[in-house]
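The values are calculated or read from the model by the stated rules, or taken from the named source; none is laboratory data. No experiment lies behind these values; they were computed from the predicted model shown. In this analysis, Cβ positions are derived from the backbone assuming ideal geometry, glycine residues included, and neighbour counts consider all displayed protein chains. Areas reflect the complete protein model, heavy atoms only, side chains present, ligands, DNA and RNA absent. Shrake-Rupley method; radii C 1.70, N 1.55, O 1.52, S 1.80 Å.
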Amino acid sequence: MIVFDKVNKYYGDFHVLKNINLTINKGEVVVVIGPSGSGKSTLLRCINHLEAITEGSLTVNGISVSDKKTNINKLRREIGMVFQHFHLYPHKTVLQNIILAPMKVLGQTESQAKEIALKYLEKVGIADKAQSYPSQLSGGQQQRVAIARGLAMSPEIMLFDEPTSALDPEMIGEVLDVMKALAHEGMTMVVVTHEMGFAREVADRIVFLDQGQILEEAIPAEFYENPKEERAQLFLSRILNH
Amino acid sequence: MNFSILTNNMDMFLQGFKVTIIASVTALIASLLLGAFIAVLRIAPYKPLNRLGTTYVEFFRNIPLLIITLFVYLVFNFKGITAGTIALTIYTTAFIAEAIRAGILSIPEGQMEAARSSGLTYSQAMRIVILPQAIKVVIPPLGNQFINLVKNSSLVAVIAGGDLMYQADLISARTFRVMDTYILVAMFYLVLTIPLSLGVSYLEKRLAKSN
């Protein structure tokens, strides 16, 4: 469904992604971990073309992401994205945040879009906040709205870019619970996170990235019990034993 | 100060006042729309457009309004008031574009990313997500530009625009009561600019509250 084939990306002279080969199948939950600055977010952001790749090929559903002929707006309908800092629209209510794209991009009527929005707000557990503004919500609530906003487009893929890193520790659970539920429903998910518990429990596959390279790719049990690469062993020992 | 100047020439003052209001309001609306357009040109993700926008701003911001006014008047042969309003629009647009551009740049990049990643086009994201937020930031500097615009409209007088300043020139030339006339005209300008100032700070407060 998502195929990276010999993908390289440079920021000027800086080689951010090095020869990435990665295939993510439908219904799979892939968790990308690695030290900061290793290119995890860049990798994720290439999938919906928030970042452009420099070399190689990257396709989503067989459609090239970097090809100039590709209608990127159309491709992005299929790919929901959740950001570290939520990026809700502060001048719009929760409900307006969610119905915006379905109305403008999918052409739903307001009543259709509202009905769908409320369904997803219900799902993430904050239907009572539909008329609130984002600034009136806690971080965890805002992130759940952001997830509902992504889901309202009925995407085939959801991308999560460190969705819990900006949250108070108390709020992390509520967001992870929503993501777990989503994973169990069979959503294709690519998640950049430092939440090892989540990765271990939910991921079908762990991708370990260091200095722009995929060093290790394994199922969670294997990766956590018996990491092959020395860098991965070091990384795990640092974050698990503190 | 003798108010007979005012009462004896009331019709001329009022005529000039009306012309000044019409020229100012027309130029204000036009330069707001054009300014927003030029601002978007300057930041659109397409280099030739950026250059076009920058050229406009740097050119018209850096030459005197008087020269633009004379140029439009002499080259296009419009009536004074028409030429004056066009010149005022051309000039003010450059400043408004800069104010709006600064406002747009103050909105976190994540807003555009969130909007684009949901499938909105660049122009939809700009119109629906970015500009409504930017406008709040931009209200105070825009207020300054609007007040400048009203005062700058007095330059229309040099091409017989029939505005307040032009009428004042006529009255003072006829009566030789130069100081009295211009003091009165200053008051007429205050009648326009002070409510404008108050309106801007009212808007500023109201929009701040809605956040």
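Name the residues of region A:89-111, by number, that are at least 20 Å² less accessible with every protein chain in place than in the isolated chain; the surface is that of heavy atoms, probe 1.4 Å, without ligands or nucleic acids. The answer is A:TYR89, A:PRO90, A:HIS91, A:LEU100, A:ALA101, A:LYS104, A:VAL105 - residues whose exposure falls by at least 20 Å² when every protein chain is included.
Annotation: amide H of A:GLU51 within the under-5 Å range of A:CYS46, sequence separation 5 or more or interchain, hydrogens built in the peptide plane.
Heavy-atom accessible area buried between chains B and A is around 1700 Å² (1.4 Å probe, both sides summed). For region B:141-211, the relative contact order is 31 percent, taking Cα pairs closer than 8 Å that sit 6 or more residues apart in sequence and dividing their mean separation by the residue count. Contact order, relative form, for region B:1-148: 25 percent (alpha carbon pairs under 8 Å, 6 or more residues apart, mean separation divided by residue count).
Between A:ASP13 and A:SER154, the FRET efficiency estimated from the beta carbon spacing at R0 = 41 angstrom works out to 0.50. Excluding the site residues themselves, the longest part of chain A lacking any trypsin sites (Lys or Arg not before Pro) in a DSSP loop with at most 11 other Cβ atoms within 10 Å is A:70-242. Roughly speaking, what is the centre-to-centre gap between region B:1-76 and region B:136-178 when only Cα atoms are used, to the nearest Å? After rounding, the separation between the Cα centres reads 11 Å. Scattering from chain A was approximated by placing one identical point on each alpha carbon and applying the Debye formula without solvent; log10 I(q)/I(0) at 0.17 1/Å stands at -1.30. For the residue pairs A:LYS18/A:LYS69; A:LYS9/A:LYS228; A:LYS180/B:LYS47; A:LYS40/A:LYS123, the alpha carbons lie more than 32 Å apart in A:LYS180/B:LYS47. Here A:SER66 sits with roughly 50 square angstrom of accessible surface, probe radius 1.4 Å. Per residue, the protein assembly as shown reaches -18500 deg cm²/dmol at 222 nm when only DSSP H runs of four or more residues are counted, each adding -39500 (n - 2.57). May I ask you to give the percent of accessible area on region B:21-121 that is carbon plus sulfur, with a probe radius of 1.4 Å? Result for region B:21-121: 73 percent of the exposed heavy-atom area is carbon or sulfur. Model label sites at A:GLU185 and B:SER197, defined 7 Å from Cα along the beta-carbon direction, differ in position by 5.7 nm. Note on A:SER111 and A:LYS6: the extension gain reaches 33.3 nm, defined as 0.36 nm multiplied by sequence separation minus the Cα-Cα distance.
A straight line joining the Cα centroids of region A:205-242 and region A:91-159 runs 35 Å.
When a 1.4 Å probe is rolled over the protein heavy atoms, the share of accessible surface on chain A that falls to carbon and sulfur comes to 46 percent.
Annotation: lysines with alpha-carbon distance below 29 angstrom to B:LYS18 (same-chain offsets under eight excluded): B:LYS79, B:LYS151. For region A:2-240, the per residue solvent-accessible surface stands at 43 Å², with DNA, RNA and ligands left out and a 1.4 Å probe.
A 1.4 Å probe run over the protein chains yields, for region B:1-127, 50 Å² of accessible area per residue, whole-number rounding. Ligands, DNA and RNA aside, A:ASP204 has an accessible area near 70 Å² when probed at 1.4 Å. By the combined test of axial Cα extent (at least 24 Å) and Kyte-Doolittle hydropathy (mean at least 1.6), the qualifying DSSP H helices of chain B come to B:10-43.
Within the straight-line cut-off of under 17 Å between alpha carbons, the aspartates and glutamates reachable from A:LYS74 are A:GLU51, A:GLU156, B:GLU113, sequence neighbours fewer than 8 places apart in one chain being disregarded.
Ordered from highest to lowest accessible area with the whole protein assembly present and a 1.4 Å probe, B:MET112, A:MET153 read as B:MET112, A:MET153. For region B:1-72, chymotrypsin sites (Phe, Trp or Tyr not before Pro) are listed when DSSP marks them as loop and at most 11 other Cβ atoms sit within 10 Å of their Cβ; the list is B:PHE3, B:TYR46.
Note on the protein assembly as shown: Cα convex hull, mean projected area over all directions, 27.9 nm². Summarising the strand pairing of region A:2-240, around 55 percent of its internal DSSP beta bridges are antiparallel.
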